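Below is one structure, written out as structure tokens; comments come after it.
Derivation of every value follows stated rules applied to the coordinates shown; laboratory data play no part. Here the structure is a predicted model, which is why all the values come from computation and not from measurement. Using ideal geometry, Cβ is built from the backbone for each residue, glycine included, and neighbour counts are taken over all protein chains shown.
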Amino acid sequence: MSVKTQIPDQIEEVSSMSTENPRNLRDIVPDFGGVDPEKAFAEIDEVFLELKNEYADKLGEDIMEIERLTSLFEKDNDIRHLDAVYSIVHNMRGQGGSFDFPLISAIGTSFCKYAANRKDKENYSFPLILQHLEAIKLVYKENRKGEGDQTARAVVNALAQAVDILLEKEKNS
């Protein structure tokens, strides 16, 4: 049988299927091998769980690095230290929600908004920066996964409002 005659036969078989009696796609499409989807999803879940556990460890390492950089900044006032803190917090923010730390993401979003939107990169509120970093450390220390309680959400909202107020004030000055 030629290819030309095989294809119309297959189309006719598929088109003759009734919607009232749908067939399993596996019955129609030949199995060419490959990975079993259920096994693949189980492996993905296993890898993701491992990454979640590693994230908590990485978070601790990142916090120690942030503390080191802010300490250096307080000594020499070199803005590059704060830029390095921004990079670390930006990564924390991006990964936090994926690994059950949405509070880290929310705090990091507020921090990054402040750091990225200041007109004068040399003029900043160091206390506000430290408040964000202390909030991140507290979430980590208390292993606050999930959305957090009312107090935690109030702290996140207060930080975001402080950022909005300072950025608006800077814009109008």
Extended-chain gain in nm, criterion 0.36 nm per residue less alpha-carbon gap, Leu72 and Leu130: 19.5 nm
Relative contact order, percent, the range 84-173 [alpha-carbon distance under 8 Å, six or more residues apart]: 35 percent
Cross-link pairs Lys75/Lys171; Lys75/Lys145; Lys39/Lys113; Lys58/Lys169 - those with Cα-Cα distance over 31 Å: Lys75/Lys145; Lys39/Lys113; Lys58/Lys169
Full-stretch length increase - Arg80, Ala158 - with 0.36 nm per residue and alpha-carbon distance subtracted: 25.4 nm
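Using the Cα centre of the range 94-173 as the reference point, and only Cβ charges (+1 on K/R, -1 on D/E), how large is the resulting charge dipole? Debye, rounded to the nearest 20.
120 debye
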The range 74-119, relative contact order in percent, only Cα pairs under 8 angstrom and at least six apart counted: 32 percent
Cα-based Rg and Dmax for the range 96-173, where Dmax is the largest Cα-Cα distance (Å): 12.9, 40
Extension gain, Asn117 back to Glu65 (0.36 nm per residue minus Cα-Cα distance, nm): 16.4 nm
